[in-house]
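Any read-out appearing in this document is the output of simple, stated calculations on the displayed coordinates, not a laboratory observation. Computed from a prediction, not measured in an experiment: that's the story for all the values here. Every residue, glycine among them, receives a Cβ derived from its backbone with ideal geometry; neighbour counts consider all protein chains shown.
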Amino acid sequence: MTDMHLSPDIVANASLVPSAAVDSGEIKITFVNYSKFELRRDVTGYTKDFALGSVTSSPGPVLKARSGMETLDICQIAFSWIADGANNAYVTWYSPEIPVRFGVRIVAPVQVFGMGKRPYWDVCWDNNPGRDPQWARSGSDPSDPRTFFADGHVGGLAAIGRAQSWHTALDLTVTISDYTGGKP
């Protein structure tokens, strides 16, 4: 039997699992970058009713290559759902090397007395940094994974979004990697 020594600083294989509290009203977007490309934050924001909640984490200006992670995490106040209709939060990233911009938006429809549609997420990708993104639905079910880019990759970059969705909460993780000719 071979003696195996593991260093706590080295992770050979990891899987990031969404961690929003189940049906807590939490809206969370996490980007994990395993690619060789450093990404710059582009247009990012949230509607004013989300501002009534508690922004517990906001993404920095750079998503570092090879192990960068940035998060937008908003814990909502229950009454903010009733105010002005649907709320949304979005983050986009841009790589001047490729060039491409991509991102996600979480939309939380109005919830009145626990009734209403659950949050869902939209995607965008283009080459228009600094401008308003053109959003498209990620799919018919917010829990379904979504591969970004028309061919599954662009300029050596691949990305896939995976979400856990509840009646009032959504936890989305977008994993970015180098395209290797197979699945991202």
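Calculate the spin-label point distance for Arg66 paired with Arg40, positioning each point 7 Å from the Cα along the beta-carbon direction, and give it in nanometres.
Going from the Arg40 label point to the Arg66 one covers 2.2 nm.
Beta carbons within 10 angstrom, averaged per residue: use that to sort the peptides 59-72, 116-129, highest first. Could you put the intermediate results ahead of the total?
Numbers: 59-72: 15.9, 116-129: 18.0.
Output ranking for 59-72, 116-129: 116-129, 59-72.
For segment 91-101, what does the Karplus curve 6.51 cos²θ - 1.76 cosθ + 1.60, with θ = phi - 60°, yield as ³J(HN,Hα) per residue in whole Hz, taken in order and with x for Gly and Pro?
Rounded to whole hertz, the list is 9, 10, 10, 10, 10, x, 5, 7, x, 7, 10.
For segment 26-178, what are the per-bin percents of Cα-Cα distances with bins 5 Å wide, up to the bin holding the maximum?
Pairs per bin, as whole percents: 2, 10, 20, 23, 20, 13, 7, 4, 1, 0.
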